[in-house]
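Below: the structure, in structure tokens.
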Amino acid sequence: MDLGIYNKQNIIKRDKSEIEILLESLNKTKRRTKPQPVQQATLFAPAARSGDAVTFELSQQAKNEMLDSYIDETLSKGEPLEGVTKEEFNYYHYRKTGNLYYGEELEREYRNAVEGYNNVAAARRWRYDPNYKIPLQICDSDEVIADREAAIEKYKTGAELEPWEKNVMFAFRNGDEYIETIGNARHQREQNIIQSALSNALSDNGISLDPDETITFSVWNNDVSVSGSKDEAKNQKIEQLLSKIEINGKSDVFGARLSSYYYFEHNDELLEGGMPLSQLKQAEYFLRSEGDENDSLFDLSIDENGNIKGLPKRLDEFIKEKAVGGFNDPVESEDLQERNAVFRARTMRDAFISAINTINNGEYEKYRNMKCYLTYKNGVLECK
């Protein structure tokens, strides 16, 4: 049997084991007349020498890595964190993120870790404390998911939520999931709110629709034209009714609500119109709400100094007084009302200038024909 030993005729070579290499190194150290300094290693550092003996202890880096590994594993399992001080936990967080916790945030995060995320989720504290900050680490827990989905379904119906339901409804760990889920929920909520308001308005005014009757809304800004009913008088009656429908105590916004609902599903059309379409709608709204029925965007022009001519006196004075600087320029005043007035005046000025340019470029009809079309049948509102 070949044992890998020496004999006079043959030399059988083999690699030395790690233990043999270490022993040889230690024997050489013992034969030295002067102690040699030991360079600190990544994981081990010299602690003390006594005669020929050398002892080692873990370096701080190694200790941190072991602590981090324990905290990572414990938190990922949702188990209570044990034997870790608040300071150690905070510096663990710093090593992971480059940031430290401070004040109440540190107290809260450390308390959650010590309690254990599984226990935190099971306690469902958000149900009785609307100011409770749901830890990001439990947003995917069964408890949060169940309460979140229930709150979202309630929200979709148009009902008002309890404070704690609003709290848990927005508790998502994934940002993309949050944007998609809440965006769709808001769209469905808006659909139910509009359907309910329209159904109640029709009923209150004695207007009934046949089961197979489809009403079509053609919307541009706040203007809504109605067609579809074989009875033209009914179409006209519904059209007149729309400006009086109240949603959340506000009337004359039905056309805007329909447009907003429509563009959620047809965002490509909104992008196609871009700022010219948006500012044309703004200019028409401002002129109508601040002027009178005889005022028209076609009566406006821009003089050689860039001033808008043809505006109603009240609008003209407001813009000249308040619309100072570019739209995004800061407003020096500390008065909130004054800052809002400046931004509103700038919005008006830019909208009217854009609308005038649109008319001068011969594109008014192009943008005026970018309408939203929706249908209403059997109490259900849909986009065409």
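The values are calculated or read from the model by the stated rules, or taken from the named source; none is laboratory data. Predicted model only: the values in this text are computed from it and were never measured. A quick note on method: Cβ atoms are made from the backbone with ideal geometry, for glycine too, and the neighbour counts reach across all protein chains shown. For the accessible areas, the whole protein counts, side chains as well, though only heavy atoms, and no ligand, DNA or RNA atoms are used. Shrake-Rupley method; radii C 1.70, N 1.55, O 1.52, S 1.80 Å.
Things worth noting here:
- Residues within region 358-382 that are open to solvent by less than 70 Å² (accessible area, probe 1.4 Å) and farther than 28 Å from E190 by Cα, tallied: 5
- Qualifying positions in region 120-156 - closer than 17 Å to L75 by Cβ and touching a Pro at 6+ places or on another chain (Cβ under 7 Å): V120
- In region 72-98, the residues that are part of a loop (DSSP other than H, G, I, E, B) and closer than 24 Å to V144 by Cβ: G78, E79, P80, L81
- Checked against (1) acidic (D, E); (2) open to solvent by less than 50 Å² (accessible area, probe 1.4 Å); (3) closer than 30 Å to F352 by Cα, D268 passes all but a single condition, namely (2).
- Scanning region 211-251 for residues that are among the small types (G, A, S) and in contact with a Cys (Cβ under 8 Å, 6 or more places away or on another chain) yields a single hit, S218.
- Scanning region 329-347 for residues being under 29 Å from the mean Cα position of the chain (by Cα) and under 30 Å from S296 (Cβ atoms) gives a total of 7.
- Residues within region 139-158 that are over 18 Å from N118 (Cβ atoms), of a type in the set (G, A, S) and modelled with pLDDT of 95 or more, tallied: 2
- Neighbours by Cβ (under 8 Å, 6+ apart or cross-chain): first from region 254-270, in a helix (DSSP H, G or I); second open to solvent by 50 Å² or more (accessible area, probe 1.4 Å) and among the hydrophobic types (A, V, I, L, M, F, W, C): Y263/L270
- Cβ separations smaller than 7 Å between residues 6+ apart or across chains give the following pairs from region 279-295 residues that are touching a residue at least 12 places away in the same chain (Cβ under 8 Å) to residues that are open to solvent by 50 Å² or more (accessible area, probe 1.4 Å) and part of a helix (DSSP H, G or I): E290/R314.
- Among the residues of region 318-337, those that are within 22 Å of G291 (Cα to Cα) and not β-branched (V, I, T) comprise F318, K320, E321, K322, A323.
- Filter pass, S208 being under 17 Å from L381 (Cα atoms), open to solvent by less than 20 Å² (accessible area, probe 1.4 Å) and in a loop (DSSP other than H, G, I, E, B): no
- Residue check, S218 among the polar types (S, T, N, Q), assigned to a strand (DSSP E or B) and either over 21 Å from S259 (Cβ atoms) or modelled with pLDDT of 95 or more (or both): yes
- Entry remark, region 314-335: residues being part of a helix (DSSP H, G or I), open to solvent by 40 Å² or more (accessible area, probe 1.4 Å) and acidic (D, E) number 2 in total.
- Boolean, I238 is surrounded by 17 or more Cβ atoms within 10 Å (Cβ to Cβ), farther than 19 Å from D350 by Cα and either of a type in the set (K, R) or modelled with pLDDT of 90 or more (or both): yes
- Filtered residues of region 327-384 (kept if touching a residue at least 40 places away in the same chain (Cβ under 8 Å) and either aromatic (F, W, Y) or in contact with an Asp or Glu (Cβ under 6 Å, 6 or more places away or on another chain) (or both)): F352, Y364, Y367, Y373, T375, Y376, C383
- Which listed residue is over 22 Å from H187 (Cα atoms), touching a Lys or Arg at 6+ places or on another chain (Cβ under 9 Å), modelled with pLDDT under 90 and surrounded by 11 or more Cβ atoms within 10 Å (Cβ to Cβ), from E213, E290: E290
- Cβ-Cβ under 7 Å pairs, at least 6 apart or on other chains, region 64-90 side in contact (Cβ under 8 Å) with a residue 12 or more places away in the chain and surrounded by fewer than 12 Cβ atoms within 10 Å (Cβ to Cβ), far side hydrophobic (A, V, I, L, M, F, W, C) and part of a helix (DSSP H, G or I): none
- Residue check for S243: open to solvent by less than 50 Å² (accessible area, probe 1.4 Å), free of Cβ contacts under 8 Å to residues at least 40 places away in the same chain and not hydrophobic (A, V, I, L, M, F, W, C): no
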